[in-house]
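Novice: If you scroll down you'll find the structure; I have some questions about it.
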Amino acid sequence: MKRAGILVATILLALALAGCGASSEEQGSEEQTPAQEAEDNEVTIGGFSIEGPSGREISVPETTAEREDVEEYVYSVRPIIEESAVDLSRFVDPSADLQNETLTVSFGVEALEEARATVEAGLEDLQQLDPPESLEPVHELLVAAYVQGLSAYDNVIDAFESGDLDVLRDAVQENLPEIEQLTVEARSILQELERAQTVNSDDQAESRG
């Protein structure tokens, strides 16, 4: 059985990528000291905020990590995020109706339950990871985004099952932006991690000023 819901547009967040690093004018044949090598191997992550469809602003804490740690973490979280932090349209194929300048969509609760199960599986996979200490603040933020998204799914599904169209309308209007917020946050964090693992030492120095 299908009931009416409200279509909420996804707001995508674009993150600025690091610019091209200038070539060094220092003598290239000089060997780096261990301290210089360690500094070149460190990358800075975060230090910005994310605002998604719900209007909730999330601050990504700035942290410094070893490049190898970032690469290993990205290798672990990328498939989880790509599989579970997806637009709701992947699961919902709504039929739309425009009446009195109001757009409504109808879809089955089964689609929401399938989407919820995917997010729940993603959360469980994230909770099983053991990130390096330097990346724990980022990991905790990612886990929190999944917890918030899962709660939003639960609210909408409960409203469906209530059979009350007013309750359903209010739940959809309040929680669908939160569901889309999960996608924005998770993919923005992944994009920042991918940027950090590929940035070179010159770019890193310039970004620090």
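Just so you know, all these numbers are worked out from the coordinates, no wet-lab data involved. All figures in this text were calculated on a predicted structure; none of them were measured in a lab. Cβ atoms come from the backbone with ideal geometry, glycine included; neighbour counts cover every protein chain shown.
Novice: If amide H atoms are built 1.01 Å from N in the plane of the peptide, which residues on other chains or at least 5 residues away come under 5 Å of the amide H of SER54?
Specialist: For SER54, whose amide H was placed from the backbone, the distant partners under 5 Å are GLN181.
Novice: Would you mind ranking ILE45, ILE50, ILE179 by Cβ crowding within 10 Å, fewest neighbours first?
Specialist: Details: ILE45 24, ILE50 21, ILE179 27.
Placing the least packed residue first, the sequence is ILE50, ILE45, ILE179.
Novice: Could the peptides 190-198, 71-79 be put in order, highest first, of the mean number of other beta-carbon atoms found within 10 Å of their residues?
Specialist: Details: 190-198: 18.7, 71-79: 16.0.
Sorting 190-198, 71-79 by mean packing, highest first, produces 190-198, 71-79.
Novice: Once you have the Cα-Cα distance between SER76 and GLU110, take 0.36 nm times their residue separation minus that, and quote the gain in nm to one decimal.
Specialist: On the way: separation 34, 0.36 × 34 = 12.24 nm, distance 2.94 nm.
Stretched out fully, the SER76 to GLU110 stretch lengthens by 9.3 nm.
Novice: Here is a follow-up. Name the long-range amide H neighbours of PHE48: under 5 Å, sequence gap of 5 or more, or other chain; modelled H, no Pro or chain starts.
Specialist: VAL60
Novice: Just to check I understand the Karplus step: with θ = phi - 60° and J = 6.51 cos²θ - 1.76 cosθ + 1.60, what whole-Hz values come out for region 49-62, glycine and proline as x?
Specialist: With the stated coefficients, region 49-62 comes to 10, 10, 10, x, x, 6, x, 7, 9, 10, 8, 8, x, 7 Hz.
Novice: For GLU68 and ASP87, calculate 0.36 nm times their separation in residues minus their Cα-Cα distance, and state this gained length in nm to one decimal. Display every interim value, and only then the final one.
Specialist: Numbers: separation 19, 0.36 × 19 = 6.84 nm, distance 3.04 nm.
The span from GLU68 to ASP87 would gain 3.8 nm if fully extended.
Novice: Hey, another quick one. Mind listing the phi-derived Karplus ³J(HN,Hα) values for region 181-190, rounded to whole Hz, using 6.51, -1.76 and 1.60 with θ = phi - 60°, and x for any glycine or proline?
Specialist: Here the 3J(HN,Hα) series is 4, 4, 4, 4, 5, 4, 6, 5, 5, 4 Hz.
Novice: Shifting gears a bit: Over the Cα atoms of region 109-209, how large are the radius of gyration and the largest Cα-Cα distance (Dmax), in Å?
Specialist: Over region 109-209's Cα set, Rg and Dmax evaluate to 17.6, 59 Å.
Novice: Which FRET efficiency value, to the nearest 0.05, is calculated for ALA121 and ARG56 with the Förster distance at 25 angstrom and r the Cβ-Cβ distance? Kindly include the intermediate steps, with their values, before the conclusion.
Specialist: Values: r = 24 Å, r/R0 = 0.95.
The pair ALA121/ARG56 has a calculated efficiency of 0.55.
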